[in-house]
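Let me begin by presenting the structure, written as structure tokens, before commenting on it.
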Amino acid sequence: MIAHVWLIPALPLLAAILVSAGGRRSARLAGSITAGAVFFSLIMALNVLTGLISAPGVEQVSMVWLRSAGNLSMELGMLVDPLSVIMLVIVCFISLMVQIYSLGYMAGDQGIVRYFSFMSFFTFSMLGLVLANNLITLYMFWELVGLSSYLLIGFWYHKPEAADAAKKAFIVTRFGDLGLLIGILVLAYFLNTFNILEVGEAVKGGQLTGHWSTMVALLIFAGAAGKSAQFPLHVWLPDAMEGPTPVSALIHAATMVAAGVFLVARLFPVFAASETALMIIAYLGGFTALLAATIACVQNDIKRILAYSTVSQLGYMMMALGCRDYIAGMFHLTTHAVFKALLFLAAGSVIHAVHTNDIRQMGGLGPALKITAATMLVAALALGGIPPFSGFFSKDAILMGIWAAGRMDLLMVGIVTAGLTTFYIFRLWLVVFTGRPAEKKYQAHESPWVMILPLLVLALLALSLGWLGENFRHFLSASWGAPSVGEAPHHRLIPMFALLASLAGFGWAYLVYFQKTISAALLARKFAATYKLLKHKYYIDEIYIFLVRQGMFMLSRGLAWFDRYVVDGMVNRIGEFCRLAGKGTRRLQVGRLQAYLLAFFLGLVVIMVSVLMTHPEILEIIRSYVCPATGRVVAML
Amino acid sequence: MTIGLVHYLVLSTILFTLGLYGVFTRRNAVALLLAVELIMLAVALNFTAGAQFWGKPGGLIFAIFIIAVAAAEAAVGLALVIAIYRNQKDVDLDRLTMLRW
């Protein structure tokens, strides 16, 4: 079974090459080819999943790729365990749904071949990432994923915002990736291996202790925070919404941004070794969750609301991992992948119908877009944590995990965030689908069936996935590196509180945006300062720009001064000295032939005399050879 | 009084000195070349005298070499002088300073 696992990432890669090789000619077939490839990958992934359910275990295939002088070698290999298989299935499934959807959404776009080959390439990279059995392969695919994300955000590269957003995403995640790389190298330095299993064993065996383990864990977490858009590296994700909506659904909601959470889970033994690192992860996750949720409450761009929601939910998952509740984090990752992909695809369907991203220009779309509205409602209920939708179960699992870890402050943050989440998602849904249509006249029409079908499938899963909680827990606990788990922590009041918060959020959204008993504009005016702060996303982008301008540019100016006057000055002085020396000495070259001859002759005489003075025996030799008379003549000289 | 090695050497020294004087004083390039010939002949004479005195042929071989080199040098030197003359209408060494700084 495991021998064929390599085919799962290989098929999308093959499809990507095939489609791009076909060029313009494959425009009609591109989507079908790549979707077909990922369909077969999904079948195989499900096959591996069922195999692993019947016989749980951790399997690894690996070959040595580069052997270095020491005993450190780089491998290419795959690690198949419940964690990676779950990720395989999620990635293949969401990718398939999104690609089918894209057949409708992207139809008629000029760059459709490029689009599908990038999508397929992304799928390949992501599958390679989740299968990696060693840190070097993992890092390679990690960067490939970042590259495909860059390419797809900047898919409409003629739009300056899209090109800028692509660059921003690449550069911001680069900060984190640098940390990841250093972390990997430090790990390899101490433990002498790149293999994830061996790293885990070594760390468990106590080969990495004290401050080093905290430092390594935090460096690796920097990579995870970059990809998973955790504060303070979250700024790229909302801008990444400039890409096509299906791209946002696949990469920036369901899979790639979850890679950071996956990374923490994959290397959990490394994190588990440091209580400090886990604490920082938990609090940073909680902070991000709350921060992003508050921003999402006042945004008006439909995709940006969802983007901040993604940031917030990823913070939730990090919070769970930081509290050692590995399984709850992964469970939320799974359910979130489904309902957030659904939210994005439904949003794409709305955008497809009305050609705008601004929710203020929508309104009353419910009757025109019945299926979109219904599926999006399912996703919103799931995100909002309303039972019996999937989000309720995974969110409760996280809250329970936090409670079990004894972090009451984070529990409060989680519950408040749950309320805010319900508020902003129903604000979105109510504004878009209910009420009176906006003044702008549009002919909203339901999307074609290729777009509707994925919505329905995803909605079904968003509804039902939560019931698998116990099975999920049981299955995942067999995966490598999972902390030993006993009974799921249980607390009767926490789900109540969370549900209460969610209902409060829903009620508030209902009053403000449906009943309009409370005027949103009035609220904005009354809390003008807060509103402005949230509207500008806490001015984080502005702070970064300020820091770059003031900090980096100042530093650059100083360095430029140093370069101009010290480095260049030294070079100039040397040049000047040479020029002056030449100017002085060229006077010696008088240009008269006889002057040179004279100098030459005098020089010869000087050499001869000095040789004779220092070696008087030469005179003796000459005297002995020639007659005494000659000897006397020479001696006179 | 027989003519011995010393006489040859003295003659050679006189020729060499004359050549040196010519090299340093002549302003005409052709005259300078002639003076150089004189120096070389002085050396050649020296070598021949030595060969005669020690009864070894090495000096004679050197003399032949020197004559050959002198011929070649004269040919190249005169060719250069003619080329310079065609170019500058002048072979006065004091005035040939166009390559100076």
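Every number here is computed from the coordinates shown, using simple stated rules; none is lab data. A quick note: this is a predicted structure, and the numbers were derived from the prediction, not measured. Don't worry about glycine lacking a Cβ; one is built from the backbone with ideal geometry, like all the others, and counts go over all protein chains shown.
General observations
- Dimensions of the protein assembly as shown from C-alpha coordinates, computed as largest minus smallest value along each principal axis and given longest first, are 145, 62, 53 Å.
- According to the calculation over all Cα-Cα pairs in segment A:202-356, the P(r) per 5 Å bin from zero is 2, 11, 20, 21, 18, 12, 8, 5, 3, 1, 1, 0 %.
- Furthest towards positive pole of dipole, A:272, A:462, A:515, structure part chain A, Cβ charges: A:515
- Look at the dipole of the protein assembly as shown built from charges on Cβ: of A:574, A:353, A:132, the Cα furthest out on the positive end belongs to A:574.
- Once the gyration tensor of the Cα atoms in segment B:17-101 is diagonalised, the equivalent ellipsoid follows with semi-axes of 32, 14, 8 Å, ordered largest first.
- Between residue A:523 and residue A:361, the C-beta separation translates, for a Förster distance of 22 Å, into a calculated FRET efficiency of about 0.60.
- Net charge dipole, segment A:151-207: roughly 180 debye, given to the nearest 20, about the Cα centre with Cβ charges of +1 for Lys and Arg and -1 for Asp and Glu.
- Values of log10 I(q)/I(0) for segment A:328-459 across q = 0.10, 0.19 Å⁻¹ run -0.36, -1.00, by the Debye formula with one identical scatterer at each alpha carbon and no solvent.
- Dipole of the protein assembly as shown computed with +1 at Lys/Arg Cβ and -1 at Asp/Glu Cβ about the Cα centre; of B:18, A:428, A:65, farthest Cα towards the positive end is B:18.
- Relative contact order (%) - criterion: Cα under 8 Å, at least six apart; region: segment A:215-263: 45
- Radius, Kirkwood style, for segment A:441-598 when every pair of distinct Cα atoms is counted (Å): 26.6
- Counted without the sites themselves, the longest stretch of chain A free of GluC sites (Glu not before Pro) in a DSSP loop having at most 13 other beta carbon atoms within 10 Å is A:1-438.
- Coordinate range along principal axes, alpha carbons of segment A:519-627, Å, largest first: 132, 34, 13
- Across segment A:107-221, Cα-Cα pairs more than 24 Å apart make up 39 percent of the total.
- About the Cα centre, charge dipole magnitude for the protein assembly as shown (Lys/Arg +1, Asp/Glu -1 at Cβ), debye: 2080
- In chain A, Cα pairs under 8 Å separated by at least six residues give a relative contact order of 12 percent.
- In degrees, nearest ten, helix A:210-227 long axis to first principal axis of chain A (Cα): 70
- 0 to 90° range, to nearest 10: angle between helix A:275-296 axis and chain A longest Cα axis: 60
- FRET efficiency, 1/(1 + (r/R0)^6) with R0 60 Å, evaluated for residue B:100 and residue A:107 via beta carbons: 0.15
- Contact order normalised by residue count of segment A:1-95, Cα under 8 Å, 6+ apart, percent: 30
- Taking A:28, A:587 and counting other C-beta atoms within 10 Å, the order from fewest to most: A:587, A:28
- Projected over all directions and averaged, the alpha-carbon convex hull of segment A:1-114 occupies 8.8 nm².
- Violating pairs (Cα-Cα greater than 18 angstrom) within the set A:167/A:535; A:340/A:537; A:303/A:537; A:303/A:535; A:204/A:227: A:167/A:535; A:340/A:537; A:204/A:227
- Projected onto its three principal axes, the C-alpha set of segment B:5-57 covers 41, 18, 8 Å, listed from the longest axis down.
- All other residues whose Cβ lies under 15 angstrom from that of residue A:542 are scored, Lys and Arg at +1 and Asp and Glu at -1, for a net of +3.
- Total charge dipole magnitude, chain B, about the Cα centre, Cβ charges on Lys, Arg, Asp, Glu only, Debye to nearest 20: 160
- The angle between the Cα long axis of helix A:408-433 and the main principal axis of chain A comes to about 70°, on a 0 to 90 degree scale.
- Part-to-part distance (alpha-carbon centres) for segment A:268-315 and segment A:448-482, which is given in Å: 22
- Net length gained if the chain between residue A:182 and residue A:619 were fully extended (0.36 nm per residue, minus Cα distance): 149.7 nm
- Packing, as the average of other Cβ atoms within 10 Å across residues, places the peptides A:149-160, A:342-353, A:33-44 in the order A:342-353, A:33-44, A:149-160, highest first.
- Per-selection Kirkwood Rh - segment A:498-569 (Cα, Å, 1 d.p.): 16.4
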